[in-house]
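What follows is a short report on a single structure.
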Amino acid sequence: MDDVFAPGGALEHVLPEYEPRREQAALAAAVEHALTTGEHLVAEAGTGVGKSLAYLVPALESGLRVVVATATKALQEQLLSKDVPIAAAAVGREVNVQVLKGRANYLCRRQLQGFQPFLMPEGRDARAWEAMAGWLDTTETGDRAELELEPSDALWTEIAVGPDRCSGRRCPFVSACFSEAARERAAGADLVIVNHALYFAHVASGGGVLPEHDAVIFDEGHRLEESAASWLGGRVSRAGLRRLTADIERACRESQRPYPARQADRVERSGERLLRAVAPASGRKRLREVPAEPALVLIDALGDLSVALQGQGEDLDALSRRALGAAGEVSTCIETEGTERVVWAEPDAVAWAPVDVSGELSERLWDDGPTAILVSATLTTGEDARFVRRRLGLEHAREAVVGSPYDFAEQALLYVPRTMPDPRSEGFTERAAEEIVSLLALSEGRALVLTSSYRALDVYRERVRGRVPYDVLVQGEAPRERLLERFRDEVDSVLIATSTFWQGVDVPGESLSLLVIDKLPFSAPGDPLHEARCEAVEAAGGDWFRDYALPTAMLQLRQGFGRLIRGHSDRGVVAILDPRLRTKPYGRAFLTALPRCPVAEDQSAVAAFFGSGMPVSA
């Protein structure tokens, strides 16, 4: 690795502007050791380390078959178009790299043949279908990402492969299948790039989704527990039941078999009854008990539908198995007792997930699977990654922690105002809006405001927009990537966002000079999965706050903080408006986990920072 990352090394020859970083070389050495010894590795690399090249170079040098799994499409594109070519040039060889996506991302020729566009309502989908006409005839990949006009999920579902409707090798279109072609290309690749969801689909199915490989590198590893819980869980939705009956109707029509209308209608009606009985008005509601009568009726209806389809050909036999699988999901949702799983309702679905994924991941992945390497900017809550390793069942993995090459003491200021009320008190959000307006005057816009809830998002939209002379962009008013593009381009603009914008946002330069975080990111009260995990910690003899809620919030806050400084020339202020950083004993733990930088409590310090161009001592 020294030959590649050292001054005058291969990377500097490939990239004349390359700046050797000892932190990057240290991470690369740790990854190389893991690949050589076969030991699992959990590695934190601070912002600016250049972690992608730090794991790609040793991966390509190793000669092993490697899968890289990411949490976001943006990182996949960066790896494919930028980082892998650089790493390949540095190691001096050509690399066959392929991106593989879930089947639902690809056009299905069989579904397309049976699609009836005249049934579509006028409006967006009709326009999307018209715009797709040329692409349908010319696409070589069938990948939805190629489309400029995004079709609705409802339209795309009608013409996509879908994870539960593929006939595989039995399909008459298999020789021209876009999904199969992508899998064949991946089978011959040196490096395969996937997302977390597809990797866990591979785990949940017992293998076979991805090509055989020697090692897997999970980038954005801080999101791994949520990905695992999602794919090791299940759901029964209104849309899923309708898709099942629609697929049966189409298959019966194409095979000229009688459609079991009575059984299909009973499935839809009993599913509707169950979902209406448990549905919350919005968000998620934990279910301590699922009404037995509508659930059992739905199970019996699905069983009758399955029997009606059996023995009528391969396609209908496959749909029969899908109906039985859906019945199994409903049965699982009824089992709400114990601490092993949590069941919740959404407006149009019932879902469940394992409360603790560590045991299942150990058994199905870590113990006998490929060498696993987890990389992220936030895996530690203090000095080590013990919390993350315990949550994922990786207690015996090696650990590497390398800091950031950025000088936060010179580049950043942390502002924690002393006059803010407790965030749990009435009127906090309105008071926070006033503080945000004042801060925007000092920063001249150029700010990302990360909120704790959608209610706060609405309040800030109402009370900030119109009071500042800057363009105020708000999550939900345009697609995420479009908002980020405008935020980067319009230097003095303000972006107000929640949820996914806490991570994966990379806006270097002047456009992001002020980062406002309104509250410490503790999970919202009533979140089913968070609540069940806290209960499980207590049942095991731990303390729910100290052992789960606090470290989870610390990791999230570190993710949010990491949005500010993205380059050596960046400077800026992080304003955390939550006074608990000063008033609560656990506030010290949050502060200790953040990068070391001056801390101020008066707006005059913020004004001085932006006015003088120099950081201000606390």
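What follows draws every value from the coordinates through simple rules; no lab data is involved. Just so you know, these numbers come straight off a predicted model, no measurement behind them. Please note: Cβ atoms are built from the backbone with ideal geometry, for glycine as well, and neighbour counts cover all protein chains shown.
Taking the chain as the reference, fit the longest principal axis to its C-alpha atoms, fit the long axis of helix 292-309 to the helix C-alpha atoms, and give the angle between the two in degrees, 0 to 90, nearest 10.
The two axes meet at around 50 degrees.
Going by how many other Cβ atoms sit within 10 Å of their own, how do E426, E146 line up, fewest first?
E426, E146
Could you please state, rounded to a whole Å, how far the C-alpha centre of segment 1-19 is from the C-alpha centre of segment 408-453?
Segment 1-19 and segment 408-453 have Cα centres separated by 41 Å.
Based on the alpha carbons, how large is the Rg to Rh ratio for segment 314-454 when Rh follows Kirkwood?
Rounded to two decimals, Rg/Rh equals 1.12.
Return the long-range amide H neighbours of L379 (sequence gap of 5 or more, or a different chain), with a cut-off of under 5 Å between placed amide H atoms.
The list, which skips near neighbours in sequence, is empty: none.
Please report how far the C-alpha centroid of segment 246-292 lies from that of segment 41-114, rounded to the nearest whole angstrom.
39
Calculate for the chain the 222 nm mean residue ellipticity that helices alone would give, adding -39,500 (n - 2.57) per DSSP H run of length 4 or more and normalising by residue count, nearest 500 deg cm²/dmol.
So the helix-based figure for the chain works out to -13500 deg cm²/dmol.
Return the sequence-ordered ³J(HN,Hα) values of segment 167-174 in whole Hz as given by the Karplus equation 6.51 cos²θ - 1.76 cosθ + 1.60 applied to θ = phi - 60°, using x for Gly and Pro.
Coupling constants for segment 167-174: 8, x, 5, 7, 5, x, 9, 4 Hz.
Taking the beta-carbon count within 10 Å as an exposure proxy, list R322, R288, R596, R463 from fewest neighbours to most.
R288, R596, R463, R322
Would you mind classifying segment 154-260 by shape? Square roots of the alpha carbon gyration tensor eigenvalues, ordered a ≥ b ≥ c; an a/c under 1.5 is rounded, otherwise it is prolate if a/b is larger than b/c and oblate if not.
Here segment 154-260 falls in the oblate category.
Would you mind checking which residues have amide H under 5 Å from G562's amide H? H placed 1.01 Å from N; only 5 or more apart, or other chain.
none
Show me, for segment 481-489, the HN-Hα J-couplings you get by feeding each phi into the Karplus relation (A = 6.51, B = -1.76, C = 1.60, θ = phi - 60°), rounded to Hz, glycine and proline as x.
Here the 3J(HN,Hα) series is 5, 5, 4, 5, 4, 5, 4, 5, 6 Hz.
Compute the long axis of helix 178-187 from its Cα atoms, compare it with the longest principal axis of the Cα atoms of the chain, and write down the angle in degrees, 0 to 90, nearest 10.
Tilt of helix 178-187: around 60 degrees.
Among 81-90, 277-286, 367-376, how do they line up by average Cβ neighbours within 10 Å per residue, starting with the highest?
Those peptides, ordered most packed to least, come out 367-376, 81-90, 277-286.
What does the highest-first list of 397-403, 581-587 look like by mean Cβ count within 10 Å?
Ranking, from highest mean packing down: 397-403, 581-587.
Across segment 408-612, how large is the tail of the calculated P(r) beyond 30 Å, expressed as a percent of all Cα pairs?
19
What's the long-distance tail for the chain, i.e. % of Cα pairs beyond 48 Å?
Here the tail beyond 48 Å accounts for 16 percent of pairs.
If I model a spin label as a point 7 Å beyond the Cα along the Cα-Cβ vector, how far apart are those points for A539 and E19 in nm?
Inter-label distance under the simple model: 5.0 nm.
Relative to the first principal axis of the alpha-carbon coordinates of the chain, what is the inclination of helix 124-138, with its axis defined by its Cα atoms, in degrees from 0 to 90 and to the nearest 10?
For helix 124-138, the angle is close to 80 degrees.
Taking H as built 1.01 Å from N, whose amide H comes closer than 5 Å to the amide H of V342, not counting residues under 5 places away?
Excluding prolines and chain starts, which carry no amide H, the hits are A353, V355.
Using the reciprocal of the averaged 1/r over all distinct C-alpha pairs, how large is the Kirkwood radius of segment 257-343 in Å?
Result for segment 257-343, one decimal place: 14.0 Å.
How much space per residue, in cubic angstrom, does the convex hull of the C-alpha atoms of segment 103-176 take up?
Enclosed volume per residue, from the Cα hull, is 91 Å³.
Give me V537, V49 ranked fewest to most by other Cβ atoms within 10 Å of their Cβ, as a rough exposure proxy.
Least crowded to most crowded, the residues run V537, V49.
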